[in-house]
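> So that we are looking at the same thing, I have put the structure below in structure tokens.
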Amino acid sequence: MMTEDYDSCHDVDTDELVISMRNDLNHFMSHAEDRGRGNRCCLICKIVHRIRQIDINAYEPSVLSIGPYHHSELPLLGMETEKWICLDYFLKLNTEVGLREYLSLISRLEKEARGYYTEEINMDSRNFLQMLLLDSCFILVYLGGVNARGASLDGVQLKEDVMCEKNGEATDLSHTNEVCCQSVSGHSALDIELNQIGKETQDSHNQGNYGATVEWYNSSAVYDLLLLENQIPFFIVKTIYKYCSRNVANTSLLANNISKFMEGVLYHFPKAVPEMDRPENFYHLLHLCHTYLKPTSKLEDDHHRYSAKSHCFHFIFDISCKIFGFEREQSTYHELDWLNSVQHFNRWRRAVNYHEAGMRFQKREFDEDNPHSLLDIRFRKGLMEMPCLPIDDKSSLLFRNLVAFEQTCPQVGDGITAYVVLLSQLASTAADVALLAQKGIIVHQLESDEDVSTLFTKLFQYVAFDFNGEHHLKSLCCAMEAHYQSRINRWMAWLWHNHFSNPWVGFAAIASAFIILCSIMQTVLAFLSYMG
């Protein structure tokens, strides 16, 4: 009886529900179609809540909003004025193209641009188009795609590189900064504009510390441009630039200038990308950053050669044991079936453990003729060569977003993720960090070695990584484990660490061995003379 009353009182209008659900279905399918028009390889994703809580400051911008995810947030409104300054300057580059033409151009690309974002963008077309134009002009001016007025900066003349045709005469379109970002903060047209504003403000308000404020804003803004959630599709920037210059070939120069800026941001890290092969096709700025740090193809080949030699040596050793009548189980060297270790080994060990097993660590020196990237780690004959890794308060931000980029876009590879996993285990304690720092592999500005190890440990949290997958460090992992499992390597390392690390103890051991050898030879000679 109660059930009948409940049903009668809460009768659902099925037709109304069908209409509502059909509208919602059409809405979400429309969003899915928009995403299909975008690039499925490099979608711009939001960080999931669980990962964001590990370090919320690593994923959210501090002074600059780019793209729709953090648009109009109150703490980021201070830089909006600078975007309008950049728009004003950009519009003056080519007076034949007005604001209406740029907005009409972007409006035809709106659905494709929305398709780059995994989250639904709750912005109407008016605000979305305005945001794309302002952010694109900011990137063009701030990152050196177009620079201001041929002015000089710190004594360096900005040279004219891009020309556009106007009534049959060549007029300046942009200027390329010849030194482009010799520091992390970088220098561009926006620096010149802000410095000019700063001088006026200093004259009128006597604010002598404005230059330092600008530098702080610039440094923070650069790293905000490398956040995964703080991106716009770069094809929008290229399209606006191309429309302004009326020259398709100039898009290559734009990519070259943006790549120069990125080289300035990453100048601490070794890069394997030569000037003549600067990236031209990238989907957003974080993707460009990822391109500069990814490993070279030669790395895997080196480890495969090492692994093949090790396996061949084990085969030859087995044959030798059979020839001389030794059983394989009795040999002290061949204790690890190398092929089985590839299948079952699922982690790296601490640097101290490898050191105790006789492995040596060394900083890999950069060679201009044969450049390598940060991820190009080399392991040969017990020597592990790693490029120097500088660590500061921004390192966690950069690596977290690069890992998040790989985790959400697996098509770009997992080189950064594998590198972070290696470091999270290789440098998992302060003693490991101290060892690597002593060898010049890690150079950090944090308060203690413990802070560095904690940084790497937290980077590995909630990261999906398959040790047995086809990552670029797989053969390195197996070669290191094969070296670690060898009893001869560990015995020789124990002998060296305990008896030969001190030169006097080592000299005494050598002298004792020499005396014993002489005694044996004397005994043998006496026996031979007696028998003769």
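> State yes or no: is Lys83 at pLDDT 85 or above and either in a helix (DSSP H, G or I) or of a type in the set (Phe, Trp, Tyr) (or both)? Lay out the reasoning, then the answer.
Details: at pLDDT 85 or above: yes; either in a helix (DSSP H, G or I) or of a type in the set (Phe, Trp, Tyr) (or both): yes.
So Lys83 fits the description; yes.
> Quick check on region 192-249: of everything there that is surrounded by fewer than 17 Cβ atoms within 10 Å (Cβ to Cβ) and aromatic (Phe, Trp, Tyr), which residue is modelled with the lowest pLDDT?
Trp216
> Continuing with this model, one more query. Where the second residue is in a loop (DSSP other than H, G, I, E, B) and among the basic types (Lys, Arg) and the first is not assigned by TED's automatic domain parsing to the domain that holds Leu288 and lies in region 381-404, which pairs have Cβ atoms under 8 Å and are six or more apart or on separate chains?
Note: pairs meeting the criteria are Glu385/Arg364; Met386/Arg364; Pro387/Arg364; Cys388/Arg364.
> Answer with yes or no whether Asp449 is buried (at least 23 other Cβ atoms within 10 Å of the Cβ), more than 13 Å from the chain's Cα centre (by Cα) and more than 19 Å from Phe269 (Cα to Cα).
Working: buried (at least 23 other Cβ atoms within 10 Å of the Cβ): no; more than 13 Å from the chain's Cα centre (by Cα): yes; more than 19 Å from Phe269 (Cα to Cα): yes.
Criteria not met by Asp449.
> Next question. Return the only residue of Glu470, Glu481 being assigned to a loop (DSSP other than H, G, I, E, B), modelled with pLDDT under 90 and closer than 16 Å to Arg347 by Cα. Steps first, answer last, please.
Values: Glu481 fails: assigned to a loop (DSSP other than H, G, I, E, B).
The unique qualifying residue is Glu470.
> Could you list, in sequence order, all residues of region 270-291 that are of a type outside the set (Gly, Ala, Ser) and in a loop (DSSP other than H, G, I, E, B)?
Those that are of a type outside the set (Gly, Ala, Ser) and in a loop (DSSP other than H, G, I, E, B): Pro270, Lys271, Val273, Pro274, Arg278, Pro279, Glu280, Asn281, Phe282, Tyr283, His284.
> Also, I was wondering about something else. Taking the options Ser486, Ser475, Ser448, name whichever one is small (Gly, Ala, Ser) and at pLDDT 90 or above.
Answer to the check: Ser448.
> Can you confirm whether region 54-74 contains a residue that is of a type in the set (Phe, Trp, Tyr) and not in a helix (DSSP H, G or I)?
Within region 54-74, one or more residues are of a type in the set (Phe, Trp, Tyr) and not in a helix (DSSP H, G or I).
> Quick one: which residue in Cys478, Cys409 is of a type outside the set (Lys, Arg) and closer than 25 Å to Thr291 by Cβ?
Only one candidate qualifies: Cys409.
> Might you let me know whether region 85-92 holds any residue that is basic (Lys, Arg), out of contact with any Gly (no Cβ under 7 Å at 6 or more places or on another chain) and surrounded by 15 or more Cβ atoms within 10 Å (Cβ to Cβ)?
Checking region 85-92: not a single residue is basic (Lys, Arg), out of contact with any Gly (no Cβ under 7 Å at 6 or more places or on another chain) and surrounded by 15 or more Cβ atoms within 10 Å (Cβ to Cβ).
The values are calculated or read from the model by the stated rules, or taken from the named source; none is laboratory data. This one's a predicted model, so the numbers in the text were calculated from it and none came from an experiment. FYI the Cβ positions are ideal-geometry reconstructions off the backbone, even for glycines, and counts take in every protein chain you see.
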